[in-house]
Structures are given as C-alpha cells and as structure tokens.
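Have a look at the structure below, then the notes.
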Amino acid sequence: MKFFLCINNDGNSASLEVGKVYRGSREGYEKGLKLLRIIDESGEDYLYPADQFVAVQLPEAARNALLRR
C-alpha cells in the first residue's frame, strides 16, 4: 500500500479532496494506463488519472494512523 496526495480533483470533486492523502496502488500505472487505484471518499477503490496525485513518503506513525482509518 502506498500513499498519494491529491493535487487536483477536476472531474472528481465529490470523490477526492485536494490536499488529502489517500491510500492506493500503482496498479493501473504499472499496466501502462497512467492511472492509480485510489481508495476515495466512498471507501471503495477506483482508478483515477495519475496526474491528479503525487506519491508521498510518510513517517511510520503517520502511515499507521492512516492505515487504521
């Protein structure tokens, strides 16, 4: 599980908050689709354009707190 900061929610304002860190994976990106699988505000995972996020490295305490949500 990786973490991604939303930097743009154009077209997805109901599902994503700019400035929020989301859990996700590079599943779609690795398949050449330039999409990330993100667990959004609904609690479900969906594919979103990779250019709407930046990957972030978090300290262990922050990672653990986000994983408990």
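Taking the criterion of being on the phi < 0 side of the Ramachandran plot and either modelled with pLDDT under 95 or not in a strand (DSSP E or B) (or both), the residues of the stretch 2-16 that qualify are Lys2, Ile7, Asn8, Asn9, Asp10, Asn12, Ser13, Ala14, Ser15, Leu16. The set of residues in the stretch 22-69 being polar (S, T, N, Q) and outside any strand (DSSP E or B) consists of Ser42, Gln52, Gln57, Asn64. Does the stretch 1-16 hold any residues that are in contact (Cβ under 8 Å) with a residue 24 or more places away in the chain and either surrounded by fewer than 16 Cβ atoms within 10 Å (Cβ to Cβ) or over 10 Å from Phe53 (Cα atoms) (or both), and which are they? The answer is Met1, Lys2, Leu5, Ile7, Asn8, Asp10, Asn12, Ala14, Ser15, Leu16.
Of the conditions (1) loosely packed, with under 11 Cβ neighbours inside 10 Å; (2) part of a helix (DSSP H, G or I), Gly19 clears all except one; give me its number. Among (1) loosely packed, with under 11 Cβ neighbours inside 10 Å; (2) part of a helix (DSSP H, G or I), Gly19 violates only (2). Of all residues in the stretch 17-38 being basic (Lys, Arg) and free of Cβ contacts under 8 Å to residues at least 40 places away in the same chain, which is farthest from Ala62 (Cα to Cα)? Going through the qualifying residues, I end up with Lys31.
The values are calculated or read from the model by the stated rules, or taken from the named source; none is laboratory data. Here the structure is a predicted model, which means the values were calculated and not measured. Cβ: placed from backbone, ideal geometry, glycine included. Neighbour counts: every protein chain shown.
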